[in-house]
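The values are calculated or read from the model by the stated rules, or taken from the named source; none is laboratory data. The model shown is predicted, which means the values in this text are computed figures rather than measured ones. Positions of Cβ are generated from backbone atoms using ideal geometry, with glycine treated the same way; all protein chains shown enter the neighbour counts.
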There are 2 protein chains.
Amino acid sequence: MSKLKLNITMSIDGFVAGPDQSLENPLGIGGEELHAWLIPLRAFRESHGQEGGEVNASTPFAEDILGDAGATIMGRNMFGGGPGPWDESWKGWWGDNPPYHNPVFVLTHHEREPLEMEGGTTFYFVTDGIESALGQAREAAGDRDISIAGGAQAIQQYLAAGLIDELEISISPLLLGGGERLLDNLGDAEIGLEQAGVVEGVGVTHIRYGVVKD
Amino acid sequence: MSKLKLNITMSIDGFVAGPDQSLENPLGIGGEELHAWLIPLRAFRESHGQEGGEVNASTPFAEDILGDAGATIMGRNMFGGGPGPWDESWKGWWGDNPPYHNPVFVLTHHEREPLEMEGGTTFYFVTDGIESALGQAREAAGDRDISIAGGAQAIQQYLAAGLIDELEISISPLLLGGGERLLDNLGDAEIGLEQAGVVEGVGVTHIRYGVVKD
């Protein structure tokens, strides 16, 4: 069965976005710097339709984030457009050709027709919960794995429910001091992790964890 | 001039002690597991007067924590004995021969005579603030570096004041879910970090950061 994987960048003080997120600053103050390791890479540039770029020790992690999944799951806040019923002119943060290139299942309380973008990305809006979204993503992914893209709240729900199989956390040398904390609000869930690998990147540390299943 | 270094183990969700710290559970629930990487090492066993033990990629970090400093700084909570005026029968958590083997400066609001232990550890109780403690530690350390041992509150004060030069953070694959958070309460301090090295240990990731000085 395909795995549900988290690939995300976190500051060393635990945030995946800085304080005061806004339309102009979707990652909050200082949050853009989280991905300073990712932006120069060829893998990132290619997935955004650009040429050139670097290949280094971080490349496999960038590829895991960007290209390897057969389907993606994300929360409503990550897709954006504000809370409440949809303004259908909002088509995500990423322009006409989003960097997912696979079916993306967006968790929401508000129904919306699927939204087909260029480059293989179609957004499906799922209103009946995280297990339903995972089931639909699994069906869409076939033999490939499923990526949970964010935000923190969606990740926390899947993690607390024991549904995530692997975590790849890239740690940036940043103290954001506030914002959206990744590994929080897990309630009484007892989640066992096994360190599965560590890679030193340029200005970033990548750690792979497996979730121990009973 | 000697450097002030932090060497500490943190869970991947950011805690240096678990919830519900007590006399029986000084590191809180689950907190003992933070140091699962450290306990089997020869460097740890030697500093606690025991023989045998392992030598592996984590050994230099264990030695940095345990043996290399010319002086140590710690907060009152880490020294223990409860808040308020001293019960002088309390001599720390570590028995007659504490693992520091150098002068240890304890931040407190309550005066107390220096406490000389076996093995080269003497506890000095400093009531006039973090800069005074650092000055005294610097004088005691001579050419050697100074280690800030904890707890989180003392570390945060030194970090926010721009007085820490290097951080060695060992990240354990644990989700403690609560307790004493390390990198928190830094206020508006803008602290720039540079990743200086990463080592994959057995069930632990060691990251070295330098603090960028303006």
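Name the single residue, out of those in segment A:170-191 being facing chain B (nearest Cβ under 9 Å) and assigned to a strand (DSSP E or B), that is farthest from B:Val198 (Cα to Cα). Steps first, please.
Going through segment A:170-191, the residues facing chain B (nearest Cβ under 9 Å) turn out to be A:171-175, A:177, A:181-184, A:186-191.
Okay, now just the ones that are also assigned to a strand (DSSP E or B), so A:171-172, A:181.
Values: A:Ile171: 11, A:Ser172: 12, A:Arg181: 23 Å.
So the residue we want is A:Arg181.
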Legend entry - segment A:22-37, subset in a loop (DSSP other than H, G, I, E, B) and in contact with a strand residue (DSSP E or B) (Cβ under 7 Å, 6 or more places away or on another chain), residue farthest from A:Gly53 (Cα to Cα): A:Gly28
Inset, instruction - Tell me which of these A:Glu194 doesn't satisfy, since it passes every other one: (1) assigned to a loop (DSSP other than H, G, I, E, B); (2) facing chain B (nearest Cβ under 8 Å); (3) modelled with pLDDT of 95 or more. - result: (1)
Inset, instruction - Name, by its number, the condition in (1) in contact (Cβ under 8 Å) with a residue 40 or more places away in the chain; (2) within 28 Å of A:Thr59 (Cα to Cα); (3) under 16 Å from the mean Cα position of the chain (by Cα) that does not hold for A:Thr121. - result: (1)
Inset, instruction - Would you check if there is a residue in segment A:45-56 being of a type outside the set (Asp, Glu), surrounded by 21 or more Cβ atoms within 10 Å (Cβ to Cβ) and closer than 25 Å to B:Leu193 by Cα? - result: no
Inset, instruction - Could you look through segment A:140-163, keep only residues that are touching a helix residue (DSSP H, G or I) at 6+ places or on another chain (Cβ under 8 Å) and in a loop (DSSP other than H, G, I, E, B), and pick out the one that is farthest from A:Asp64 (Cα to Cα)? - result: A:Ala161
Legend entry - Of the criteria (1) among the aromatic types (Phe, Trp, Tyr); (2) away from chain B (no Cβ under 12 Å); (3) surrounded by 21 or more Cβ atoms within 10 Å (Cβ to Cβ), which one A:Phe125 fails: (3)
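Please verify whether segment A:137-149 includes one or more residues that are among the basic types (Lys, Arg), within 17 Å of the chain's Cα centre (by Cα) and within 25 Å of A:Ser22 (Cα to Cα).
The initial filter retains those residues of segment A:137-149 that are among the basic types (Lys, Arg), namely A:138, A:144.
Now narrow it down to the ones that are within 17 Å of the chain's Cα centre (by Cα): A:138, A:144.
Still in the list and also within 25 Å of A:Ser22 (Cα to Cα): none.
Within segment A:137-149, none of the residues are among the basic types (Lys, Arg), within 17 Å of the chain's Cα centre (by Cα) and within 25 Å of A:Ser22 (Cα to Cα).
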Legend entry - Unique match (being within 13 Å of the chain's Cα centre (by Cα), acidic (Asp, Glu) and either within 20 Å of B:Ser22 (Cα to Cα) or surrounded by 20 or more Cβ atoms within 10 Å (Cβ to Cβ) (or both)) among B:Asp68, B:Asp64: B:Asp64
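I'm trying to understand the selection: among the residues of segment A:118-139, which are of a type in the set (A, V, I, L, M, F, W, C) and assigned to a strand (DSSP E or B)?
Initially, segment A:118-139 is screened for residues of a type in the set (A, V, I, L, M, F, W, C), giving A:123, A:125-126, A:130, A:133-134, A:137.
Selection gives A:Phe123, A:Phe125, A:Val126.
Identify the residue in segment B:45-59 that is assigned to a helix (DSSP H, G or I) and modelled with pLDDT under 90 and, among all such residues, is farthest from the chain's Cα centre (by Cα).
Taking segment B:45-59 and keeping what is assigned to a helix (DSSP H, G or I), we get B:45-47, B:59.
From the residues that got through so far, the ones that are modelled with pLDDT under 90 too are B:46-47.
Details: B:Glu46: 18, B:Ser47: 15 Å.
Among those that are assigned to a helix (DSSP H, G or I) and modelled with pLDDT under 90, it is B:Glu46.
Return the only residue of A:Gly18, A:Gly80 being closer than 27 Å to A:Asp145 by Cβ and modelled with pLDDT under 95. Reasoning before the result, please.
Working: A:Gly18 fails: closer than 27 Å to A:Asp145 by Cβ.
Matching residue, one of A:Gly18, A:Gly80: A:Gly80.
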Inset, instruction - Please find, among A:Leu115, A:Leu163, A:Leu167, A:Leu134, the residue that is within 14 Å of chain B (Cβ to nearest Cβ) and of a type outside the set (Ser, Thr, Tyr). - result: A:Leu167
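Just to be sure, is B:Ile164 buried (at least 20 other Cβ atoms within 10 Å of the Cβ), hydrophobic (A, V, I, L, M, F, W, C) and at pLDDT 95 or above? It would help to see each step written out before you state the result.
Working: buried (at least 20 other Cβ atoms within 10 Å of the Cβ): yes; hydrophobic (A, V, I, L, M, F, W, C): yes; at pLDDT 95 or above: yes.
For B:Ile164, the condition - buried (at least 20 other Cβ atoms within 10 Å of the Cβ), hydrophobic (A, V, I, L, M, F, W, C) and at pLDDT 95 or above - is met.
Look through segment B:202-214, keep the residues that are part of a strand (DSSP E or B) and more than 8 Å from chain A (Cβ to nearest Cβ), and return whichever of them is nearest to A:Val198 (Cα to Cα).
Initially, segment B:202-214 is screened for residues part of a strand (DSSP E or B), giving B:204-212.
After this cut, where a residue has to be more than 8 Å from chain A (Cβ to nearest Cβ) as well, the list is B:206, B:208, B:210-212.
On the way: B:His206: 10, B:Arg208: 14, B:Gly210: 20, B:Val211: 23, B:Val212: 24 Å.
Across segment B:202-214, the extreme among qualifying residues is B:His206.
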Legend entry - Any chance A:Gly151 is within 14 Å of chain B (Cβ to nearest Cβ), farther than 29 Å from B:Gly201 by Cα, buried (at least 18 other Cβ atoms within 10 Å of the Cβ) and not aromatic (Phe, Trp, Tyr): no
Legend entry - Flag if B:Glu180 is of a type in the set (D, E, K, R) and closer than 27 Å to A:Leu182 by Cβ: yes
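Checking the condition touching a Pro at 6+ places or on another chain (Cβ under 8 Å), surrounded by 15 or more Cβ atoms within 10 Å (Cβ to Cβ) and assigned to a loop (DSSP other than H, G, I, E, B), which residue from B:Gly81, B:Gly92 passes? Spell out how you get there, then give the answer.
Working: B:Gly81 fails: touching a Pro at 6+ places or on another chain (Cβ under 8 Å).
After applying the criteria, what remains is B:Gly92.
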